[in-house]
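Asker: Dropping the structure in here first, questions after.
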Amino acid sequence: MHKIKTFYIILISLLSINFFAQISKSDSIEMAKFLEEENKMWDSICITQTKIAKEEISKGQLTLVIPKGMVTMYESDSELDSILSHHNIKTISQGIFCTAPSDKQFCYSELMNSEIEKKFGENFIELKRLEAEKAYTKNNINKIFSASDCDRNHSIYPFTKNLDDYLEQYDKDYFKTFTYPADYIHRKENDLYSWTRVEFTLTINGEVKNLQVKSSFREAYNQKFAKEFNENAIKFVKNIKWIPNKRSGITVNSHEYVTFMYDHENWER
């Protein structure tokens, strides 16, 4: 009886493998057909886009296509549209399809961009975008920009010149005068780090405003030091004469933060 059961189990297994293999094969065939049809569709779209672009170019109508999706996004599209209108260039947006072939979904824009640069110069589009970014900054001078949206080509920390040194130096300077409480439980090897983060607005005039502070401790026991650690961090930030950030070369308000990691002698930022 045992041998018969074993036989049927093996038979069912083989049939199942064959069944799923057939499904897999069938799916592969269907997928191949789908991809073939999709390529034909994009071929047709590309041909149509190219035809439209050539017709518009022949009439002196130029259009810059602004891609939207998995690319660098700008807030200065409105300013760019206004700037390019003085050169009789319109702007339109185009979404990016992640599954579509890149050489077929931009046929219109590539032809238009080529014609624009042919007429106005190789770096024309890039230069106009920079001009638009500067215009946007001026038009929004009271906005608080994120630090990552700023030029970041200089250090806002007065004791360093570049961004890389700033990220390390302010931390080193903070711990020069920092003293751990006697009963503070220190980090053990491979433990997560405890930290204090201070977020603040750095104004055009170099003032520090809207401070927010938070400490997180690996050891629950250390939570009783949160108030002390928070006050130390805020005091440090307030005592620094921070250098205002810039965007497109224009001094702006920015949202900044500094993080102090505890027990991090061998930690690399």
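Asker: Out of all the residues in the stretch 126-142, which are surrounded by 15 or more Cβ atoms within 10 Å (Cβ to Cβ) and either at pLDDT below 95 or basic (K, R) (or both)?
Answerer: Across the stretch 126-142, the qualifying residues are K128, R129, K134.
Asker: If you don't mind, there's one more thing I want to ask. Limited to the stretch 187-206, what total is found for residues that are more than 18 Å from T259 (Cα to Cα) and either in contact with a Pro (Cβ under 9 Å, 6 or more places away or on another chain) or not acidic (D, E) (or both)?
Answerer: Here the count works out to 6.
Asker: Here's something else I'd like to know. For the stretch 27-43, check the following and say yes or no: at least one residue is assigned to a loop (DSSP other than H, G, I, E, B) and modelled with pLDDT under 95. Talk me through it step by step, then tell me what you get.
Answerer: The initial filter retains those residues of the stretch 27-43 that are assigned to a loop (DSSP other than H, G, I, E, B), namely none.
Scanning the stretch 27-43, I find no residue that is assigned to a loop (DSSP other than H, G, I, E, B) and modelled with pLDDT under 95, so the answer is no.
Asker: Next question, about the same structure. Could you list, in sequence order, all residues of the stretch 220-243 that are part of a helix (DSSP H, G or I) and of a type outside the set (A, V, I, L, M, F, W, C)?
Answerer: Across the stretch 220-243, the qualifying residues are Y221, N222, Q223, K224, K227, E228, N230, E231, N232, K235, K238, N239.
Asker: From the list K176, K227, K238, K209, which residue is farther than 23 Å from C150 by Cβ, modelled with pLDDT of 95 or more and not polar (S, T, N, Q)?
Answerer: One residue alone meets the criteria, K227.
Asker: Could I ask something else about it? Please go through the stretch 84-112 and give me each residue that is at pLDDT 90 or above, among the β-branched types (V, I, T) and under 26 Å from the mean Cα position of the chain (by Cα), ordered by number.
Answerer: Passing the criteria: T91, I92.
Asker: Based on what the data block shows, is F200 farther than 30 Å from R247 by Cα and in contact with a strand residue (DSSP E or B) (Cβ under 8 Å, 6 or more places away or on another chain)?
Answerer: No: the conditions fail for F200.
Asker: In this structure, does S76 turn out to be under 27 Å from A132 (Cα atoms), surrounded by 17 or more Cβ atoms within 10 Å (Cβ to Cβ) and in contact with an Asp or Glu (Cβ under 6 Å, 6 or more places away or on another chain)?
Answerer: Values: under 27 Å from A132 (Cα atoms): yes; surrounded by 17 or more Cβ atoms within 10 Å (Cβ to Cβ): yes; in contact with an Asp or Glu (Cβ under 6 Å, 6 or more places away or on another chain): yes.
When the stated conditions are applied, S76 passes them.
For every residue, the table says whether it meets (1) touching an Asp or Glu at 6+ places or on another chain (Cβ under 7 Å); (2) loosely packed, with under 11 Cβ neighbours inside 10 Å.
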{"position": "I66", "(1), (2)": "yes, no"}
{"position": "I92", "(1), (2)": "no, no"}
{"position": "C98", "(1), (2)": "no, yes"}
{"position": "K104", "(1), (2)": "yes, no"}
{"position": "S114", "(1), (2)": "no, no"}
{"position": "F120", "(1), (2)": "no, no"}
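Asker: How do the pairs read when you match residues in the stretch 70-93 that are in the same structural domain as E126 (by TED's automatic domain parsing) and assigned to a helix (DSSP H, G or I) with residues anywhere that are of a type in the set (D, E) and surrounded by 14 or more Cβ atoms within 10 Å (Cβ to Cβ), using Cβ under 6 Å and keeping only pairs 6 or more apart or on different chains?
Answerer: Within 6 Å, the pairs are I83/E131.
Asker: State whether one or more residues within the stretch 183-204 are surrounded by fewer than 16 Cβ atoms within 10 Å (Cβ to Cβ) and at positive phi.
Answerer: yes
Asker: Hey, another quick one. Assess whether K172 counts as being among the basic types (K, R), exposed (fewer than 14 other Cβ atoms within 10 Å of the Cβ) and not in a helix (DSSP H, G or I).
Answerer: Taking the combined requirement at face value, the residue does not satisfy it.
The values are calculated or read from the model by the stated rules, or taken from the named source; none is laboratory data. Everything numeric in this text was worked out from a predicted model, so none of it was measured. Positions of Cβ are generated from backbone atoms using ideal geometry, with glycine treated the same way; all protein chains shown enter the neighbour counts.
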